[in-house]
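Input: a single structure, listed below in structure tokens.
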Amino acid sequence: MDKNNQAVQIALDNMYGKVRPFGYLFYGDEQKGLTCQPVPQFAGIHTLEELFAVLEQCWDQETAYPSCQEEWVPEDPSFGQCAITAMLVHDMFGGTIHKIRGDGGGTHYFNRLNGKYVDLTREQFDLYNLPVAYEPNQEIPREFCGRNKNTLMRYHRLQWNIMLYLGTAILQK
């Protein structure tokens with residue numbers, strides 16, 4: 001971890017201090033040590049584990065999918081964050097983005113890295129005992145995810161939240 005960014009260590013401490021009733025951090029957390037290409041604006045984030053820890057501090061009501069915003073609460077920060085999170089994971093770690101349809105007709109996005117599924121927002125389902133079947137699924141081109149103006153706006157807000165949290169945002173007058 002980047003010694004100059006204590007915010008990442010604080011996020012990791014918070015992450016490991018949180019009670020996890022299902023015994024894992026996120027679906028696919030056996031890949032938590034996977035490293036990404038350095039992103040200067042995200043100084044201190046080098047692994048999937050560090051990204052997840054910081055995301056838990058940076059997801060907010062405004063980054064949630066519009067129909068989820070009214071019900072979003074800090075105790076369930078990943079609620080409604082799947083598309084923008086899958087985009088961020090793809091941009092930092094590569095792999096592919098996948099989509100499934102839920103029983104209620106909604107969609108859920110996640111990633112495939114090194115041949116394994118990774119879902120940093122899985123907890124939103126686990127907290128309510130909602131099953132998630134990752135197959136069958138549809139691979140989604142990255143450019144598809146950014147076509148929706150609202151999704152793109154929320155993605156940029158999430159990036160901004162991360163930079164603010166890490167202290168790497170450049171504020172303009």
Neighbour-count ranking [beta-carbon atoms within 10 angstrom, fewest first] of GLU143, GLU50, GLU71, GLU56: GLU143, GLU71, GLU56, GLU50
- request: Using only Cα atoms, locate the centre of region 56-88 and the centre of region 102-120, then give the distance between them in Å, rounded to an integer.
  value: 15 Å
query: Rounded to the nearest 20 Debye, what is the dipole magnitude of the chain about its Cα centre when Lys and Arg each give +1 and Asp and Glu each give -1 at the C-beta?
result: 520 debye
- prompt: What's the FRET efficiency of ARG101 with LYS18 using the Cβ-Cβ distance as r and R₀ = 30 Å, to the nearest 0.05?
  reply: 0.50
message: Just to be sure I follow the rule: in region 6-166, considering lysines 8 or more places apart or on different chains, how many pairs have Cα atoms under 24 Å apart?
response: 5
All-pairs alpha carbon distance profile, the chain, 5 Å steps from 0, percent: 1, 9, 17, 23, 23, 17, 7, 2, 1, 0
message: At 222 nm, what value in deg cm²/dmol follows for the chain if DSSP H runs of at least 4 each add -39500 (n - 2.57) and the sum is divided by all its residues, to the nearest 500?
response: -10500 deg cm²/dmol
Residues whose placed amide H lies under 5 Å from that of HIS98, excluding near-sequence neighbours: PHE110, ASN111, ARG112, ILE140
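Quick note: the coordinates plus some simple rules give every number you see, no bench work behind them. Just so we're clear, the structure is a prediction, and the values are computed from it rather than from any experiment. In this analysis, Cβ positions are derived from the backbone assuming ideal geometry, glycine residues included, and neighbour counts consider all displayed protein chains.
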